[in-house]
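The values are calculated or read from the model by the stated rules, or taken from the named source; none is laboratory data. Note that this is a predicted model, so its numbers are computed, not measured. Here Cβ is always computed from backbone atoms with ideal geometry, including for glycine, and neighbour counts include all displayed protein chains.
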Amino acid sequence: MKAWALSVALVTALLLHPAPAAHAADAPGPKPALTISGRVKTPVVFDMARLAALPQHSFTTRTPWHAGPRKFTGPLLRDVLAVAGIQGQTIEAMALNDYKVTIPVEDAMRVDVVVARLVDDKPMAVRDKGPLFIIYPFDSDEALRNSIYYSRSAWQLKGLVIR
Amino acid sequence: MSDAAALPDKPHKSAKPGTQRKRWRLLMAALGTLLALAFATVGLLQSRQYALLNATTHYQDDYLVWSLFQFEAEYLKLRLALEQAAGPSTAVDAEGVEQRYEIFVSRLGLLQDEHAVKILHAHPDYRRTLERCQAFVQWADLLPLNAELVRTRPQALHEVIARMDGMADAIRDLSLTASHSVATQVTERNDLVRQQNRQSIALTLLQCALILGLAGLVIHQLGRLARFGRAQRALAQSLQEARREVESGSRAKSMFLANMSHELRTPMHGLLGMLALLKDTQLSRPQQTQLQAASDSARHLLAVLNDILDVSKMEAGGIGIHAEPVHLPALLRELEELSWPQAIVKGLDLNIRMESDVPAWVSADPTRLRQILLNLLGNAIKFSERGRVALRLSHQHDALGRDLLRFEVSDTGIGMDAATQARLFQRSSADDASATAPRFGSAGLGLEISRSLARAMGGDIHASSQAGRGSVFSLELHLPECAPAPMLASSAPANGPPRRLKILVSEDHDTNRAFLEAVLQRLGHDAVFCENGLEALQRLKGEDFDLVLMDLHTPMMDGYQATRAMRALPAPKSTVKIIALSADAYAESRQRALAAGMDDFLAKPVGIDQLAQTLSRHGSSLTAQLPVPAPLDETKLAELRSHLPEGKVRQLYAGFVANLAVTRQALAQARGRRDSAALRATCHGLKGAAANLGLLLVSTPAEVLENTAHEDSDWAQIEQQIQDLLDALSRSEALCSERGLS
């Protein structure tokens, strides 16, 4: 009886979820926006709603990629990392276009680095370097305005691997 | 003079600094300006370099090249994804294709942004390629190229691929163009940096040159300072040499004066001696008067010579003050004795008085003190025709509260006006010599010498006067009180004719030899004469002498050498008394003589009294045998008689005789109890009383006994001396009655 019930549940589950890709394509439900893995207590997959539920932070800054200053809004990188309970020292930020960059965890602790969801209060499309954009407050500190920090500002962000 | 050589270049030097300073200031200003310019240029250059660096950071040129490569890569990835989706395979990731497209579009956005446009706008390729890509995106968005299209109309993808193919070369060209363009810009920037580097090297060189220039200037200035220092040192040295020369010149002049007066004193010695001897011969009354006048003139001349010698000694720095215990009452008595005859002659009242709070014994140079006071008293008597001359010695305090002795010599003479007072202590110049010379006698040097001496003794002389009313001269000295001097034979002078001495005289000057011969003969001594030290030494070896009178400057062997040779003889000849005779009265000569082993020193011309005194002093110490005293000092008696009426004089002597009984009793008592203290006290009183009356036959043995009577003395000798004294008392009694004095 018990075994039957288990088999039915399994078959039902297989039927309902034939493959993750198929599911993503088929079910329009919450789309995973950011995954955190590696040396963490619990790997976490954020969707946009969950990121929006974290405390939000906004600043306006100029960047090498935008003409004129823009307002960036999103949770602080350190809050995002706290959700996963990270245990490593460096973060490998992965982008949709297979861009990869290493960010020291210290940056997240020292600087108010934002995982931006909104630019000028609007969601970012992939073609507008969205949907997520790691952004440093360049205008608040001259020391941030150099290639090191520009290169750490990963856009089209899709995952963080803690090393 | 040596500084004359240093002087000529002085004006030349003093004219130079003005122009040199101007040139120096100009040079400094030029260097300063250059330095400021160099610093400004460096500042400008560095700010430009900084700006360049900032620009590089801002434009992110290298990043643009990377973006273009990424764009090309995305283009290829999209094309691959589309080919796969359009292919026969059924497993198509439609969502993946849509995302590829979106990423491609986002990359295109990077090429359109501000700084990419800035860098690439000049290239026609860029604009063309960009426009083509934009047109493609517009067209694809209208399809729209999304997952839906991929799934539903895969055949439409072929057209998309076809449109994309046309863009491949353009995109590759663009990325090449960008990298070339950036490379060119990098080269340009490098050139700029190199150029700026060159400029900064040039500036650094300029700065180095400036610093070297400054260093050169500093070294030059240091060199000038060093030269200046050397010149200063040389000048100081030449000045010092000049001063030494001047000083030695002045010393030479003083020495010359001293020598001259010395040369003059030697014949004076003979002259005075011969005059003194002549006085004892049978002379008519006019001859006596003439002799007296000659004698006075000679004495005056000697006084002048002594003054000149004193002054020249002071100028040569040879004045020495030799302090010793001085008995002030005795000194005043002596002054009174010396001044009294002059005062009597002019009918003046001479009053010498000492306040009771003045200490009896003070430490002073008796010779110098006597010299000053005699000069002041002499002047006072000289310039007073009637009235009174007084010397009052009092104890005062100076402004600092120190003890001060004031010797105040006042007269009722002609006095002086203010002008005379003003130049009183100054040496008479040629102009006013005629005015002051008769006024102050001798060479007018007496007061100058007195003041110099007083100052050398740490004191001074002040004068106050009113014309016609008389003058007061005050000598103020800090003379510390001291313990009485041990009784010296010299402090009780003229104890009568000393014992007959056998004397060896070494003297090369004929007149002096004749004089000494006569004097020694008169004093009752045996004299043997030699002409030099060597002869005297030979003579002493062969014969025994009590005493040697040694002229210091004799040919063959001088007095110093002879004395040293005599002192080297075996005893007892080595202990013979040697008295130096010298015409140069410098303290240095005296010290040299004493150092050579001589016992005493006599400056020529030697007075008869002085010689007698010295001989008696040294003769009496030769032996314990007492000289036979002259019974009565006639001068003392004459003095008393001149002061007092004859009746009063007789009364004095009678009183003395009447007191003898008490004295005898006291002596007998002390003798019986062997009480030396009582003996000394009795003798002291007796000595004083007898001395006041000139009774030498009593005062001499009384003094001897007073000096020898001590607890540990040989009592047998004392007994003998008491007996001698008692005999003397009896004889004095007889003498007084014999002379009709009691």
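Only one of these conditions is not met by B:Glu102: (1) modelled with pLDDT under 85; (2) surrounded by 18 or more Cβ atoms within 10 Å (Cβ to Cβ); (3) within 12 Å of chain A (Cβ to nearest Cβ). Which number is it?
For B:Glu102, the exception is condition (1).
Among the residues of the range B:315-333, which ones are buried (at least 17 other Cβ atoms within 10 Å of the Cβ) and within 26 Å of B:Ala380 (Cβ to Cβ)?
Hits for the range B:315-333 are B:Ile319, B:Val326, B:Leu328, B:Leu331, B:Leu332.
So is A:Arg117 among the basic types (Lys, Arg) and more than 11 Å from the chain's Cα centre (by Cα) or not?
no
Please go through the range B:502-516 and give me each residue that is surrounded by fewer than 16 Cβ atoms within 10 Å (Cβ to Cβ) and in a helix (DSSP H, G or I), ordered by number.
B:Asp510, B:Thr511
Is there any pair linking a residue in the range B:144-171 that is part of a loop (DSSP other than H, G, I, E, B) to one that is surrounded by fewer than 17 Cβ atoms within 10 Å (Cβ to Cβ), with Cβ under 8 Å and at least six apart or on different chains, and which?
Note: pairs meeting the criteria are B:Gly166/B:Arg132; B:Met167/B:Arg132.
For the range A:43-83, name all the residues that are of a type in the set (Phe, Trp, Tyr), closer than 20 Å to A:Lys158 by Cα and over 10 Å from the mean Cα position of the chain (by Cα).
Once the filter is applied, which keeps residues that are of a type in the set (Phe, Trp, Tyr), closer than 20 Å to A:Lys158 by Cα and over 10 Å from the mean Cα position of the chain (by Cα), the range A:43-83 yields A:Trp65, A:Phe72.
Yes/no matrix, rows are residues, columns are (1) modelled with pLDDT under 85; (2) loosely packed, with under 15 Cβ neighbours inside 10 Å; (3) assigned to a helix (DSSP H, G or I); (4) in contact with a Leu (Cβ under 7 Å, 6 or more places away or on another chain):
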position	(1), (2), (3), (4)
B:Ile578	no, no, no, no
B:Leu581	no, no, no, yes
B:Arg590	yes, no, yes, no
B:Met598	no, no, no, no
B:Ala612	yes, no, yes, yes
B:Leu615	yes, no, yes, yes
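Can you find even one residue in the range B:124-141 that is part of a loop (DSSP other than H, G, I, E, B) and exposed (fewer than 12 other Cβ atoms within 10 Å of the Cβ)?
Let us first name the residues in the range B:124-141 that are part of a loop (DSSP other than H, G, I, E, B), namely none.
Looking through the range B:124-141, none of the residues is part of a loop (DSSP other than H, G, I, E, B) and exposed (fewer than 12 other Cβ atoms within 10 Å of the Cβ).
Working carefully through the options B:Glu188, B:Glu241, B:Glu247, find the one that is of a type in the set (Asp, Glu), at pLDDT 90 or above and in a helix (DSSP H, G or I). Walk me through how you get there before you give the answer.
Values: B:Glu188 fails: at pLDDT 90 or above; B:Glu247 fails: at pLDDT 90 or above.
Being of a type in the set (Asp, Glu), at pLDDT 90 or above and in a helix (DSSP H, G or I) holds for just one of B:Glu188, B:Glu241, B:Glu247, which is B:Glu241.
Go through the range B:265-276 and give me each residue that's surrounded by fewer than 17 Cβ atoms within 10 Å (Cβ to Cβ) and hydrophobic (A, V, I, L, M, F, W, C).
Within the range B:265-276, B:Met274 is the sole residue that qualifies.
Out of the strands (runs of 3 or more DSSP E) lying entirely within the range A:35-86, which hold 3 or more residues that are away from chain B (no Cβ under 14 Å) and touching a residue at least 24 places away in the same chain (Cβ under 8 Å)?
On the way: elements: A:44-47, A:56-61, A:70-75.
Counting at least 3 such residues, we get A:56-61, A:70-75.
Find the residue count for the range B:55-73, including only residues that are crowded, with 17+ Cβ neighbours inside 10 Å and at pLDDT below 75.
The total comes to 5.
Which of the residues that make up the range A:87-98 are in a loop (DSSP other than H, G, I, E, B), out of contact with any helix residue (DSSP H, G or I) (no Cβ under 8 Å at 6 or more places or on another chain) and within 14 Å of chain B (Cβ to nearest Cβ)?
Selection gives A:Asp98 alone.
Which of the residues belonging to the range B:213-241 are among the hydrophobic types (A, V, I, L, M, F, W, C), in contact (Cβ under 8 Å) with a residue 12 or more places away in the chain and within 30 Å of B:Leu35 (Cα to Cα)?
If the condition is that a residue be among the hydrophobic types (A, V, I, L, M, F, W, C), in contact (Cβ under 8 Å) with a residue 12 or more places away in the chain and within 30 Å of B:Leu35 (Cα to Cα), then B:Leu214, B:Leu217 are the ones that fit.
Within the range B:524-556, which residues are charged (D, E, K, R), in a loop (DSSP other than H, G, I, E, B) and either in contact with a Cys (Cβ under 9 Å, 6 or more places away or on another chain) or surrounded by fewer than 18 Cβ atoms within 10 Å (Cβ to Cβ) (or both)?
Residues satisfying the conditions are B:Glu543, B:Asp544.
Name every residue in the range A:108-140 that is within 12 Å of chain B (Cβ to nearest Cβ) and not in a loop (DSSP other than H, G, I, E, B), in order of residue number.
A:Val126, A:Arg127, A:Asp128, A:Phe133, A:Phe138
State all residues of the range A:53-63 that are touching a Leu at 6+ places or on another chain (Cβ under 9 Å) and either surrounded by fewer than 17 Cβ atoms within 10 Å (Cβ to Cβ) or of a type in the set (Phe, Trp, Tyr) (or both); if no residue qualifies, say none.
The answer is A:Pro55, A:Gln56, A:Ser58.
Against the condition under 30 Å from B:Asn532 (Cα atoms), at pLDDT below 85 and not in a helix (DSSP H, G or I), how does B:Ala571 come out, does it pass?
So B:Ala571 passes the test.
Would you call B:Ala276 assigned to a helix (DSSP H, G or I) and over 46 Å from the mean Cα position of the chain (by Cα)?
Judged against the criteria, B:Ala276 is a match.
Within the range A:141-159, can one find any residue that is more than 9 Å from chain B (Cβ to nearest Cβ), outside any helix (DSSP H, G or I) and touching a helix residue (DSSP H, G or I) at 6+ places or on another chain (Cβ under 8 Å)?
No, the range A:141-159 has no match at all.
For the range B:686-701, check the following and say yes or no: at least one residue is farther than 21 Å from B:Gly740 by Cα, touching a residue at least 12 places away in the same chain (Cβ under 8 Å) and among the small types (Gly, Ala, Ser).
no
Go through (1) at pLDDT 85 or above; (2) over 35 Å from the mean Cα position of the chain (by Cα) one by one and return the number of the condition B:Arg406 breaks.
(2)
Kindly establish whether B:Ser179 is touching a residue at least 24 places away in the same chain (Cβ under 8 Å) and not β-branched (Val, Ile, Thr).
Taking the combined requirement at face value, the residue satisfies it.
Quick check: anything in the range B:306-319 among the polar types (S, T, N, Q) and either under 20 Å from B:His509 (Cβ atoms) or under 32 Å from the mean Cα position of the chain (by Cα) (or both)?
yes
Among (1) in contact with a Ser or Thr (Cβ under 7 Å, 6 or more places away or on another chain); (2) assigned to a helix (DSSP H, G or I), which single condition is B:Glu711 missing?
(2)
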